[in-house]
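Just so you know, all these numbers are worked out from the coordinates, no wet-lab data involved. Nothing here was measured: the structure is a model prediction, and the numbers come from that model. Glycine gets a Cβ as well: all are built from the backbone with ideal geometry, and neighbour counts include every protein chain shown.
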Amino acid sequence: MDLGFSEEQDELRKVVRSFLAKYSDEAAVRRLAADPRGHDPFVWRRMAGELGLQGLVVPEEYGGSGFGYVDLGIVFEEAGRALLCGPYFATVALAAEALLRCDDEQARRDLLPGIASGATVATLALTEDGGRWDAPGIGLTARETATGWRLTGAKTYVPDGHLADLLLVAARTPSGISLLAVGADAPGLVRTPLPTLDQTRKQARLEFTDTPARLLGTEGTAWPALERTLATASVLLAAEQAGGAAAALDAAVEYAKIRVQYGRPIGSFQGIKHKCADMLVDIESARSAAYGGLWALDADDETEIAIAAALAQAFCSEAFTRVAGDNIQVHGGIGFTWEHPAHLYLKRAKSSEVLLGTPSHHRELLAARLGI
């Protein structure tokens, strides 16, 4: 295992950071957070056309670039630093990954090129009213008719489900858990945006009433692919969380240098030094956990992926929340105001902490996978 970054990866980080500094600065984040769609199509097209970010790990035969997960993790880490608004996580970490893992070659050839080119915004609809991220939590049903498959039921907390062109829906069929594709304009589909604590990441409730759908792969065999998709998404989210935490620490350190109290910068006080040091330990540990998961993904070791993903998500979720909260504490009164960006990172941290299941859920997964 190579624990360093190549020159190409360092350059990728530099290019992505520069791009996001221009198109995902605080003003853009606030504007898109207030926008019901939460998405800038112009930026989305440039991410695909100029940088190829949507298709970074998509194999070349499906229109992508065929890079590795460490490369993709760099992008997610930088996206977390910039609080990137839009359907990047939903499309790349969830939908594209689910297509790559399902046993349907024709579906990959039909659907992945649109995702890689930026023409298609996609998401994965898995959770329901119970908020569970496991197979028993899936109750929405799919039945086969003379004219094809039909869905009945509801999904909720679906990332960017209000604007996705392509919905990949986990459903229960007579043979087990299956994955089906639904178009945005399918009859019987009602999409309702949900109010969220974190306005920078939109979610929606999807209701299906005898909605036509396309079965992906073999009926009843989708759960292993979905489980691997969730593991991959957990690692990528961990990288995003590490990036957000790093940005929060940078803001805290910069403020500690310039805020003067009792005739000296507050960064010279022992209490502030200790808090910033604790934040740094959290961030470096989070990065180690996230990149350990990314290297496991590139090694394609199923056992190691399952363990690393649960560990990374359990730790990084809580680390980001701690660091984002400490950033507000370092800033004092100004950190609690709407005008200061510190609350944007805390809200992203709290929403990310439960996006793919709570830290307790991931610790339970880790314990089970370790046989504890």
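What is the angle, in °, between the Cα long axis of helix 105-117 and the longest principal axis of the Cα atoms in the chain? Nearest 10 is fine, range 0 to 90.
Here the helix axis deviates by roughly 40 degrees.
Among all stretches of the chain without exposed chymotrypsin sites (Phe, Trp or Tyr not before Pro) (DSSP loop, at most 14 other Cβ atoms within 10 Å), which one is longest?
That would be 1-261.
So what's the range 1-158 giving for Cα Rg divided by 2.2 N^0.38 Å, two decimals?
Ratio of Rg to 2.2 N^0.38 Å for the range 1-158: 1.16.
Assuming a ≥ b ≥ c are the square roots of the Cα gyration tensor eigenvalues, decide whether the range 78-162 counts as rounded (a/c under 1.5), prolate (otherwise, with a/b larger than b/c) or oblate.
Verdict is oblate for the range 78-162.
Once a ≥ b ≥ c are taken as the square roots of the eigenvalues of the Cα gyration tensor of the range 266-372, is the result rounded (a/c under 1.5), prolate (a/b larger than b/c) or oblate (a/b not larger than b/c)?
Because a/c hits 1.5 or more and a/b exceeds b/c, the range 266-372 counts as prolate.
Starting from the amide H of His162, placed 1.01 Å from N in the peptide plane, find each other amide H under 5 Å away whose residue is 5 or more places distant or on another chain.
Ala204
Give me the percent relative contact order of the chain, please, defined on Cα pairs under 8 angstrom at least 6 residues apart.
Result for the chain is 16 percent.
I'd like the Karplus ³J(HN,Hα) series for the range 192-203: coefficients 6.51, -1.76, 1.60, θ = phi - 60°, whole numbers in Hz, and an x wherever there's a Gly or Pro.
Listing the rounded values in order: 10, x, 9, x, 10, 4, 8, 6, 7, 10, 7, 9 Hz.
Quick one: angle between helix 69-81 and the longest Cα principal axis of the chain, in degrees between 0 and 90, rounded to 10, please.
60 degrees
So for the range 279-334, what percent of the C-alpha to C-alpha distances run longer than 15 Å?
Tail of P(r) above 15 Å: 52 percent of Cα pairs.
Run the helix sum for the chain: -39,500 (n - 2.57) per DSSP H stretch of 4+ residues, divided by residue count, reported at 222 nm to the nearest 500 deg cm²/dmol.
Roughly -17000 deg cm²/dmol at 222 nm, from the helical runs in the chain.
Past 29 Å, Cα to Cα: identify those pairs from Lys14/Lys257; Lys155/Lys347; Lys202/Lys257; Lys22/Lys273, in the order given.
Beyond 29 Å: Lys202/Lys257; Lys22/Lys273.
Sort out for me the Cα centre separation of the range 101-121 from the range 296-341, rounded to whole Å.
Here the two parts' Cα centres lie 30 Å apart.
Helix 270-299 versus the longest principal axis of the chain: what is the Cα-based angle in degrees, 0 to 90, to the nearest 10?
For helix 270-299, the angle is close to 30 degrees.
Just how many % of Cα pairs in the range 88-237 lie over 18 Å apart, if you round to the nearest whole percent?
Summing the P(r) tail past 18 Å for the range 88-237 gives 52 percent.
Consider all pairwise Cα distances in the range 149-191 and report the whole-number % of them above 13 Å.
Summing the P(r) of the range 149-191 above 13 Å gives 55 percent of all pairs.
What's the longest piece of the chain with no exposed GluC sites (Glu not before Pro), counting a site as exposed if DSSP puts it in a loop and it has at most 15 other beta carbons within 10 Å?
Between the exposed loop sites, the longest stretch runs 51-338.
Over the range 233-372, calculate the relative contact order: mean separation of alpha carbon pairs under 8 Å at least 6 apart, over the residue count, as a percent.
It comes to 32 percent, rounded to a whole number.
Determine the equivalent ellipsoid of the chain by diagonalising the alpha-carbon gyration tensor, then write out the semi-axes as square roots of 5 times the eigenvalues, largest first, rounded to whole Å.
Equivalent ellipsoid semi-axes, largest first: 36, 21, 20 Å.
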